[in-house]
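Asks: I have a structure I would like to understand better, so I am pasting it below and will then ask my questions one at a time.
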Amino acid sequence: PVDATPSLAPVADTYVTSAYPTRNAGGSQSLRTDAGPYSVRSLLRFSLGSLAGSVTRATLRVYADSSSNSGFSVNAVADTTWSEKSITHQNAPAVGQRVGTSGKVTRGLWSSVDVTTAVRGKADVSFALLGNSTTAIRLLSRESVATAPQLVLTLSDSATTSAPTTTATTPPTGTAST
């Protein structure tokens with residue numbers, strides 16, 4: 001039976017931009033995406049800790065601080081060793097396969113993307129958020145605390161998690177999902 005849905009906060013998140021290839025934005029309260037003219041992408045890393053049970057569903061939730069009809073794409077990132085405090089556009093890990101898209105993003109609402117295919121076993125997982133248009137999108141980072149990104153897991157069996165980043169938050173207003 002499915003009987004646990006832990007919500008994990010990222011252990012690291014930031015954004016990088018080709019406009020400033022050596023700048024680090026690791027302490028920013030914002031995550032950003034933009035498809036051009038300068039590439040801006042966000043990176044998030046989650047530690048799955050000691051999960052008891054199998055992941056049957058994984059949903060990435062991010063809180064929007066701006067709106068976009070085009071939304072963003074979520075891509076897998078194989079490298080889970082990058083550091084929030086030292087990553088830049090110049091040394092950012094390669095972006096892998098697209099996992100899903102957000103659809104329309106509305107300021108003040110959560111956007112949810114099914115990322116189940118990228119969450120395998122109990123390994124740490126990283127994602128890149130890429131803009132689907134030249135409209136810049138601002139999302140809130142883990143530094144925003146109450147509206148920090150979340151990886152919501154549905155686990156089979158009597159699953160619990162011992163990861164210190166486990167959070168249970170309620171959306172402050174509405175929720176947008178695809």
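The values are calculated or read from the model by the stated rules, or taken from the named source; none is laboratory data. Worth saying up front: this structure is predicted, and the values here are computed from it rather than measured. Cβ coordinates were reconstructed from backbone atoms using ideal geometry, including for glycine residues, and neighbour counts include every protein chain displayed. Heavy atoms of the whole protein, side chains included, go into the accessibility calculation; ligands, DNA and RNA do not. Shrake-Rupley method; radii C 1.70, N 1.55, O 1.52, S 1.80 Å.
Asks: For the stretch 82-131, which residues satisfy the criterion of being surrounded by fewer than 13 Cβ atoms within 10 Å (Cβ to Cβ) and among the small types (G, A, S)?
Replies: S83, S86, A94, G121, A123
Asks: Right, next: For residues that are polar (S, T, N, Q) and over 25 Å from G27 (Cβ atoms), scanning just the stretch 85-117, find the one that is nearest to the chain's Cα centre (by Cα).
Replies: S112
Asks: Separate question: Any idea which residue in the stretch 7-21 is least open to solvent (accessible area, probe 1.4 Å), counting only those that are of a type outside the set (A, V, I, L, M, F, W, C), over 25 Å from V55 (Cβ atoms) and not in a strand (DSSP E or B)?
Replies: S18
Asks: While we're looking at this one, here's another question. Consider the stretch 90-105. How many of its residues are assigned to a loop (DSSP other than H, G, I, E, B) and either touching a residue at least 12 places away in the same chain (Cβ under 8 Å) or within 15 Å of V119 (Cα to Cα) (or both)?
Replies: Count: 10.
Asks: Of the residues T169, T160, which single one is at pLDDT below 95, among the β-branched types (V, I, T), within 18 Å of Y63 (Cβ to Cβ) and not in a strand (DSSP E or B)?
Replies: Among T169, T160, only T169 is at pLDDT below 95, among the β-branched types (V, I, T), within 18 Å of Y63 (Cβ to Cβ) and not in a strand (DSSP E or B).
Asks: For the condition of a type outside the set (K, R) and without any contact (Cβ under 8 Å) to a residue 24 or more places away in the chain, what is the one hit in A12, A25, A35?
Replies: A25
Asks: Go through (1) in contact (Cβ under 8 Å) with a residue 60 or more places away in the chain; (2) open to solvent by 10 Å² or more (accessible area, probe 1.4 Å); (3) over 17 Å from V152 (Cβ atoms); (4) among the polar types (S, T, N, Q) and name the single condition S47 misses.
Replies: So the condition that S47 fails would be (3).
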